[in-house]
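The values are calculated or read from the model by the stated rules, or taken from the named source; none is laboratory data. Please read these numbers as outputs of a predicted model, since none were measured by experiment. With ideal geometry, Cβ positions are generated from the backbone for all residues, glycine too; neighbour counts draw on all protein chains shown. Areas reflect the complete protein model, heavy atoms only, side chains present, ligands, DNA and RNA absent. Shrake-Rupley method; radii C 1.70, N 1.55, O 1.52, S 1.80 Å.
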Amino acid sequence: MGRPHGLDGSFFVEHASEDEERFRKGATLHVDGEPATIVASKRSRGRPVIRLDREPPRGSELAVPRDALPPTGEDEYYEFQLVGLSVEEEGGRALGRVAAVLPGPANDVLELEGGLLLPLVGACVQEVDLDAGRIQVARGFADPSYPD
């Protein structure tokens with residue numbers, strides 16, 4: 001959730017979905033995991049501005065119910081599906097677990113718990129196995145001197 005907008009409890013939605021229906025009046029969002037209903041909705045400077053049926057703490061995480069998400073395409077994943085997966089280098093060397101998926105100027109980046117950053121591109125990520133809970137990456141990307 002972003003900064004306030006006006007005096008009625010409305011606020012900007014930061015990093016909003018491109019699906020405007022997610023922010024329509026009457027839609028349900030989860031605020032830090034608890035459902036909340038949108039009671040007012042508009043746009044300002046191209047971003048959604050909403051008011052909920054209760055006042056969430058500033059900085060709260062807003063999410064849509066997982067069952068409301070559209071299916072992903074081939075080789076596409078939601079961030080929540082990747083966070084927590086173990087990452088192994090080709091050959092089996094364990095590199096750690098995904099702590100976050102960070103936006104980058106050209107592509108997203110996997111941040112591992114130890115701070116290692118791996119580009120989320122086909123040359124690096126060879127396989128994502130959600131059922132096994134692991135990601136396999138090509139050799140060389142975990143080398144501290146890459147990309148010298």
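Each of A68, L130, S44 was scored by the projection of its Cα onto the charge dipole of the chain, and the greatest displacement toward the positive side belongs to S44; charges sit on the C-beta of Lys, Arg, Asp and Glu.
Distance between the modelled labels on A63 and Q126, one decimal in nanometres: 3.1 nm (7 Å Cα→Cβ projection). Simple point charges give the picture: +1 on the Cβ of Lys and Arg, -1 on the Cβ of Asp and Glu, and for the chain a dipole about the Cα centre of about 940 debye. The R134 and A27 beta-carbon pair, evaluated with R₀ = 41 Å, returns a calculated FRET efficiency of approximately 0.75. Under the combined filter of DSSP loop state and at most 15 neighbouring Cβ atoms within 10 Å, segment 74-148 retains these GluC sites (Glu not before Pro): E74, E76, E90, E113.
Relative to one another, the C-alpha centroids of segment 38-67 and segment 77-148 are positioned 31 Å apart. Here the relative contact order of segment 34-133, from alpha carbon pairs under 8 Å that lie six or more residues apart, stands at 14 percent. Placing a pseudo-label 7 Å from each Cα along the Cα-to-Cβ vector at R45 and S86 gives an inter-label distance of 4.6 nm. Annotation note: chymotrypsin sites (Phe, Trp or Tyr not before Pro) in segment 61-148 located in DSSP loop regions with a Cβ neighbour count of at most 14 within 10 Å are Y78.
Checking every one of the trypsin sites (Lys or Arg not before Pro) in segment 27-93 against DSSP loop status and a limit of 13 other Cβ atoms within 10 Å picks out R45, R54, R58, R93. Looking at the chain, what % of the alpha carbon pairs are farther apart than 19 Å? So the portion of pairs separated by more than 19 Å is 60 percent. Candidates V109, V98, G59 compared by Cα position along the dipole of segment 23-126: farthest toward the positive end lies G59, with charges placed on Cβ. Rolling a 1.4 angstrom probe over the protein heavy atoms with all chains in place gives the chain an accessible area of 63 Å² per residue.
Surface composition of the chain: carbon and sulfur make up 47 percent of the accessible area, probe 1.4 Å.
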